Amino acid sequence: MEVKLTTITPEQLKTPPATMSGVVFGVVFTDHMFCMEWEDGKGWHNAEIKPYAPLMLDPSSMVLHYAQMSFEGLKAYRSDSGEHVLFRPRENFKRMNRTSQRMCLPELDVEEVLVALKQLLRLDSGWVPDEAGTSLYIRPAILATEEAIGLKVSSKYLFFIILSPVGPYYPQGFNPVKIMVSEKYVRGVPGGVGFAKTGGNYAASNLAEKEAKELGYTQVLWLDGVERRYIEEVGAMNIFFVINDEIVTPQLTGSILPGITRMSVLELGKLWGLEVKEIRITIDEVLNGLKEGTVTEVFGAGTAAVITPVGILSYKGEDYLIGSGETGPVATRFYEHLTGIQYGKEKDPFGWVEAI
Ligand SMILES: *Cc1c(COP(=O)(O)O)cnc(C)c1O
């Protein structure tokens, strides 16, 4: 793939934040972006790294009306030795292709896109923050750009990658969050698009999250869309339970986003000799387990928030305290090892980290 390079002029250069403390997640962007177009009969073309700038989109662009799109989220880290690295980046582009299949979007060549991403990252390497717990968040997206307000599959697409220096996802950092189980709304249904990282899933979740926030909760825990009993996941994280010292997470049924952090937690747990289980588990089993003391920890796992302990689960208006409401030892161990691998402090037993 030929990538045209248009760099920013010295006068246009922006200055990265001097410190990431107080910088809200995902609102600062770097100097450059990668763009590439797709058209029926032509495939991908016009690959270009250029100054970060607003897009020119016709108001009739199909994505603006029918949400035909896919996106991804991964991070570049500055390791302790000063090297910049990515964490399992191929998994993100492979997942993007699975989302794209479901959304009738063109697929990417994983290796070519990774080369282009690394080129962009090297150009904007001054934006990878170096304070503890910070990283450069990477957002690839594909949008349907055909100018037509008729219902059909678009014949034109835009793929882009933008970069954003970030600190912790939740302002409270690595501390327990309060989560409300949604009884009123559902996120995914069998045969739907729950497994896909596509915009509509998040637009459809906003109301539940807004109502949960008004009641003082950070996020929503989704139950299955049919029986509303089986636990699925949280807004932007997969969910884990420690039950009788076993690591339990809902099985992927098609309505749950198959997280790369989720997969990494399962693989690390197995490596450590822990019992790990992917099963269908109901909210009643978890709440009973909390009462009986067999459920000792609950934590979320996702790229943006890494490992996030859950201190309180609310269901049908009742708050259930998890353990003492403090961060537990299992969540701490996963947090320290995962971030340890990402920042080059720990051995990388699976070769998950790769240099930029
Ligand atoms: C992105 C995402 C996750 C986490 O996936 P990772 O690959 O671990 O970042 C979990 N749930 C939802 C709904 C997501 O969008």
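What follows is calculated from the coordinates using simple rules that are stated; it is not laboratory data. Remember, it's a predicted structure, so these values are computed and weren't measured experimentally. No Cβ is skipped: glycine too gets one built from the backbone with ideal geometry, and neighbour counts run over all protein chains shown.
Some observations on this one:
- Calculated [θ] (222 nm, deg cm²/dmol) that DSSP helices of n ≥ 4 give over the chain, each run adding -39,500 (n - 2.57): -7000 deg cm²/dmol
- Scoring 47-59, 105-117, 339-351 by mean Cβ neighbours within 10 Å over their residues and listing the highest first yields 105-117, 339-351, 47-59.
- Note on the chain: dipole from Cβ charges, positive end direction compared against 185, 301, 274; the farthest Cα belongs to 185.
- Dipole magnitude for the range 177-344: computed about the Cα centre from +1 point charges on Lys and Arg Cβ and -1 point charges on Asp and Glu Cβ, it is near 420 debye.
- Order by protection proxy (mean Cβ within 10 Å, highest first), peptides 176-185, 293-302, 24-33: 293-302, 176-185, 24-33
- Charge dipole (debye, nearest 20) of the chain; +1 at Cβ of Lys and Arg, -1 at Cβ of Asp and Glu: 260 debye
- Whole-number percent relative contact order across the chain, with pairs defined as alpha carbons under 8 Å at least 6 apart: 18 percent
- Three-way shape call for the range 4-166 based on the alpha-carbon gyration tensor, with the a/c threshold at 1.5: prolate
- Summary value for the range 266-356: 19 percent relative contact order, contacts being C-alpha pairs under 8 angstrom separated by 6+ residues.
- Relative packing of peptides 89-95, 311-317 - highest average C-beta neighbours within 10 Å first: 89-95, 311-317
- DSSP-loop GluC sites (Glu not before Pro) across the range 218-271, with at most 16 other Cβ within 10 angstrom: 227
- Only one residue of 15, 104, 140 has its Cα farthest out toward the positive end of the dipole of the chain, where Lys and Arg carry +1 and Asp and Glu -1 on Cβ, and that residue is 104.
- Surrounding net charge for residue 282, when Lys and Arg each add one and Asp and Glu each subtract one, Cβ distance under 12 Å: -2
- When only the Cβ of Lys, Arg, Asp and Glu is charged (+1, +1, -1, -1), the dipole of the range 4-166 relative to its Cα centre reaches about 340 debye.
- Label-point gap, in nm, between residue 271 and residue 183 - each point 7 angstrom along Cα→Cβ: 4.2 nm
- Summed side-chain charge close to residue 313 - residues other than residue 313 whose Cβ falls under 10 Å, Lys, Arg +1, Asp, Glu -1: -1
- Highest-MSF residue in the chain out of 164, 70, 61 [GNM, Cα springs under 10 Å]: 61
- The Cβ shell under 12 Å around residue 190 holds other residues with a net charge of -3, Lys and Arg each +1, Asp and Glu each -1.
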